[in-house]
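Only the coordinates and a few stated rules stand behind these numbers; no lab work does. Everything quoted here is computed from the prediction, not taken from an experiment. Note that each Cβ is placed from the backbone with ideal geometry, even for glycine, and that neighbours are counted across all protein chains shown.
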Amino acid sequence: MQMSAEASRYVERVVGEVDGWLSHHEGLYLYALAAKGPGAGAIVEIGSSRGRSTIILAAAARAAGREAVVAIDPHLRGSEGQFRANVAAAGLSDRVAPLVMRSDEAAATWRDPIRLLWIDGAHGYEAVKGDFTDWEPFVVTGGVIALHDTYDWEGPRRLVEELIAPPSRFAIIGLVDSITALRKVAAMTPSIRLRNAVFRRLRALHLLGRRRIIPGEARRLVKRALRALSGPS
């Protein structure tokens, strides 16, 4: 995954200035997905908090002349004011459409195609599975579904393991730190199956590394390999 120096500096600044849990490398990957990801349709974010990932998605889409971001979050912990202030400070208020409601409420009236779905809402298994089940039908063929915290949190990890287990209907396109990105495909080709198998093997090693079961240098090699293999499509 290659990014321009300007994009890298921008992501680094956002990660440093806006509260959140998205790492620099994860931010770079989201930037690539928003700017270069395949398909046509909306960018939908489930779980915005204070806007770190929202700003990165919206800035990347604007730089590439692509869509605005629909940011769904009920802001139950009082983060809405800071979210709106951060988006405004980034000069992106015209590129972000906040929906202050639960994701299932938003899905009930949603009708538009989606080309990038970013799921980072509640992390319980039923909650994250509900987000996926409600919104995946709107993702266009060729579109991308990316999920956060897919190793250390049981809900996202369990869902991803179900989605990538053979016979999967998704191509694994990226495993960057705790992000798993899947492309919705019309058919599983031999090359997709092979790439998925490679990603699954590396993912298993990465999971062992996060649990400190394999040595530090091996952990770093696996992490670098996953970042290198990951792309927007």
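Please list, by residue number, every one of the trypsin sites (Lys or Arg not before Pro) in the range 101-188 that is coil in DSSP and has at most 13 other beta-carbon atoms within 10 Å.
On the way: sites: ARG102, ARG111, ARG115, LYS129, ARG157, ARG158, ARG169, ARG183, LYS184; in loops: ARG102, ARG111, ARG169.
Taking the range 101-188 and a limit of 13 other Cβ atoms within 10 Å, the loop trypsin sites (Lys or Arg not before Pro) found are ARG111, ARG169.
Taking the Cβ of GLU17 as the center, what net charge do the other residues with Cβ under 15 Å away carry, scoring Lys and Arg +1 and Asp and Glu -1? Don't skip to the end; give the middle numbers.
Numbers: positive: ARG9, ARG13, ARG50, ARG52; negative: GLU12, ASP19.
With Lys, Arg at +1 and Asp, Glu at -1, the net is +2.
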Item checked: the chain: angle of helix 216-229 to the longest principal axis, Cα-based, in degrees nearest 10 -> 70
Margin query: What do you get for the angle between helix 154-164 and the principal long axis of the chain? Use alpha-carbon atoms, 0 to 90 degrees, nearest ten.
Written below: 60
Item checked: Relative contact order (percent, whole number), the range 5-229, Cα cutoff 8 Å, 6+ residue spacing -> 16
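For each of ARG52, ARG62, ARG203, count neighbouring Cβ atoms within 10 Å of the residue's Cβ, then give the residues from fewest to most. Mind showing how you got there, number by number?
Numbers: ARG52 24, ARG62 18, ARG203 21.
Fewest-to-most Cβ neighbours within 10 Å comes out as ARG62, ARG203, ARG52.
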Next item on the list: Going by C-beta contacts inside 10 Å, put TRP135, TRP21, TRP153 in order with the fewest on the left.
Entry: TRP21, TRP153, TRP135
Next item on the list: For the chain, find the longest principal axis of its Cα atoms and tell me its angle to the long axis of helix 190-210, 0 to 90°, nearest 10.
Entry: 80
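To check you understand DSSP bridge types, tell me what percent of the beta bridges within the range 5-229 (both residues inside) are antiparallel, rounded to 5. Show your work: numbers first, answer last.
Values: 10 of 28 bridges.
Around 35 percent of the beta bridges assigned by DSSP in the range 5-229 are antiparallel ones.
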Notebook entry, point to check: When the helices in the chain are scored as -39500 (n - 2.57) per DSSP H run of 4 or longer and the sum is shared across all residues, what 222 nm value do you end up with, to the nearest 500 deg cm²/dmol?
Noted result: -15000 deg cm²/dmol
Next item on the list: Check the straight Cα-Cα distances from LYS36 and name the lysines below 24 Å, setting aside those fewer than 8 residues away within the same chain.
Entry: LYS184, LYS223
Note to self: Nothing charged except the Cβ atoms of Lys and Arg (+1) and of Asp and Glu (-1): what's the magnitude of the dipole of the chain about its Cα centre? Round to the nearest 20 debye.
What the structure shows: 1040
